[in-house]
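Single-structure report; data block below.
The values are calculated or read from the model by the stated rules, or taken from the named source; none is laboratory data. Because the structure is predicted, anything quoted here is derived from the model rather than measured. Neighbour counts run over all protein chains shown; Cβ positions are idealised from the backbone, glycine included. Ligands, DNA and RNA are excluded from the accessible area calculation, which covers all protein heavy atoms including side chains. Shrake-Rupley method; radii C 1.70, N 1.55, O 1.52, S 1.80 Å.
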Amino acid sequence: MKMTKKVFVGAMALLALVSTLSAKPKKAKKGKSNAKEITWMFWDDLEATTDLMSLGYAQVIERFNSEYEGLYHVTPITTNLEEYDVKLNALIAAGKTPDVYISNPGPNLTSVVEAGAAKDLTPILTGAEKTWYNSFTKGIFERLTYDGKIMAVPTNFAAALVFYNTDLFKKAGAKVPTTYEEWIETCKTLQKAGITPIACSAGTPWCLSMLAGYFCDRAGGPDNLANVNAGKGSWMDPTFKNGVGKLKELSQYFQKTAAGDSNDQATAAFYNGEAAMLVQGSWVIGQINGANPAFEAKCGVFSFPAINGGADPNRMIVKTDNLVMSSTTENEDACIALMKMFTDDVAQKYTAEVAGKIPVTGVNFDLKKAPKQLGYVKDILAKSTGTLGFYNESLATVEAGDTFDNAMVDIFLGSCSVDQGLQKIENYYKKNIWK
């Protein structure tokens, strides 16, 4: 990815958030007075959460503070996912960048890199920590590299798939679909049985745009997105209209409250048996099993359906959670120690065997101990022919991703047509990208 210079500007409204985000150090235990203090920012409440992956992160923090007592100490800064990027940007703008923080790949990571808020990890990973670097899965740093510089370290790997309630499918006599047409028939079968087919959040826009991105890729393949980002294509291309049109058609089978439901509410509707399907990343396994352990036995998984006459149906939306080190940290050694602990064998085995996500290292883990859903995910991934990122994280800028998200919500709500929604994205690109 080519990095361009950009001045990072923090609005006054964002700066006002900084005081509420400043980490409150825990009371130091005896022997910690000389410990190097660092902060780590994350998008979940580590004390209130039931998400098994978040609880795994909490264990890393506890283990770190115990093992390095008297030498290093980390204090988490936590917020909810929806507000995370805004609040992180406020801290960066105020010159209070957390020592280590989590980031999505794509434009969000690009923004902090271009703001000069991320440390170039290449000298560390190819130098003193080369053994650590070699422990990672081959190719895992591809979307984390800018002009040959590695700017983040991944902690886990997830794929977006369709999760379904096997009991509700059996009750309705519904079949697992492999094509879009079959999917619509499955939805109709479930609906006739009095079962809500799909839980989805339009209140959390990326949930809608994830489906739209899958449909667009299934309809037109990877070249369409690459071309439109490079100014060689158009958002008014028939394959984009086909893909987004299928999102609109499928949305009639969402729960009635989809417009206002958050992602957490839609997910809860699924694991509480109020809807038969949920399209989500496999990170949801930890959320589902943490909130309702009994649901694991009836939670099946299938690949996002193909579009007849479309492109490769075996490409998977995937993403990693990633750790970024502040470029201004005064305690680089402590940051490295923390990042290494997030990716050591203890943490990576937990990632698979408890949280049901895919490790980013070659750690050996017992699949029999892992949630059943992880086995289904791995079987589907074994047939994958390629990967793509979230559409809203794969566009030219963060703002382009936001424009795409908002257009999908408008189309879902009926405030604009498919053509009008795509025209909004086209107009954004004409004004801001295709210059």
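Per residue, how many Å² of accessible area does region 78-210 show with a 1.4 Å probe? Before the final figure, lay out the partial values.
Numbers: 5170 Å² over 133 residues.
On a per-residue basis, region 78-210 sits at 39 Å².
Measuring against 20 Å, Cα to Cα, the residue pairs 36/349; 138/340; 340/369; 87/256; 188/378 contain 36/349; 340/369; 87/256; 188/378 as the ones spanning a longer distance.
Under the combined filter of DSSP loop state and at most 13 neighbouring Cβ atoms within 10 Å, region 97-142 retains these trypsin sites (Lys or Arg not before Pro): 138.
A 1.4 Å probe over all protein chains sorts 75, 39, 257 by accessible area into 257, 39, 75, starting with the largest.
Applying D = kT/(6 pi eta Rh) to region 377-435, where Rh is the Kirkwood radius over alpha-carbon pairs, T corresponds to 10 °C and eta to 1.306 mPa s, the Stokes-Einstein value obtained is 122 µm²/s. Each Cα pair of region 317-435 feeds into the Kirkwood radius, which the Stokes-Einstein equation turns, at 4 °C and 1.567 mPa s, into a diffusion coefficient of 72 µm²/s. With axes computed from alpha carbons, what is the tilt in degrees of helix 205-220 against the longest principal axis of the chain, rounded to the nearest 10 within 0 to 90? Compared with the principal axis, the helix lies near 60 degrees. Take residue 52: with every protein chain present and a 1.4 Å probe, its accessible area is about 30 Å².
Among the listed pairs 149/383; 319/372; 119/435, those with a Cα-Cα distance over 27 Å are 149/383; 119/435.
Taking the helices alone, the chain has a mean residue ellipticity at 222 nm of -13000 deg cm²/dmol, built from -39,500 (n - 2.57) per DSSP H run of at least 4 residues and averaged over all its residues.
The base-10 log of I(q)/I(0) for region 219-284, evaluated at q = 0.14, 0.16, 0.18, 0.21 Å⁻¹, reads -0.61, -0.72, -0.80, -0.89 [Debye formula, identical scatterers on Cα atoms, solvent excluded].
Contour minus end-to-end for residue 416 and residue 81, with contour as 0.36 nm per residue of separation and end-to-end as the Cα-Cα distance?
Numbers: separation 335, 0.36 × 335 = 120.60 nm, distance 2.77 nm.
Extending this stretch completely gives an extra 117.8 nm.
Sorting 217, 264 by accessible area puts them as 264, 217; the probe is 1.4 Å, largest comes first, and only protein heavy atoms count. Heavy atoms only, probe 1.4 Å: what % of the accessible area of the chain goes to carbon and sulfur, would you let me know? Carbon and sulfur atoms account for 50 percent of the accessible area of the chain. Rounded to the nearest 10 degrees, the angle from helix 238-250 to the longest Cα principal axis of the chain is 80 degrees. Residue 296 sits with roughly 50 Å² accessible to a 1.4 Å probe, with DNA, RNA and ligands left out of the calculation. Counting only Cα atoms, region 132-264 measures 54, 39, 29 Å along its principal axes, largest extent leading.
Keeping every protein chain in place, order 63, 143 by accessible area at 1.4 Å, biggest value first, i.e. largest first.
Numbers: 63 50, 143 80 Å².
Putting 63, 143 in descending order of accessible area: 143, 63.
Suppose we take every Cα in region 257-401 and form the convex hull; what volume per residue is that in Å³?
Details: hull volume 26.1 nm³, N = 145.
So the per-residue Cα hull volume is 180 Å³.
Does anyone have the angle between helix 52-67 and the longest principal axis of the chain? Alpha-carbon axes, 0 to 90°, nearest 10? Tilt of helix 52-67: around 10 degrees.
I'd like the Kirkwood hydrodynamic radius of the chain, using the inverse of the mean 1/r over distinct C-alpha pairs, in Å. Provide the component values of the computation, followed by the final result.
Numbers: mean 1/r = 0.0443 Å⁻¹.
Radius from the Kirkwood sum: 22.6 Å.
For a label point 7 angstrom out from the Cα of residue 298 toward its Cβ, which stretches of region 269-283 have the backbone nitrogen within less than 19 Å? 269-279, by backbone N distance to the label point.
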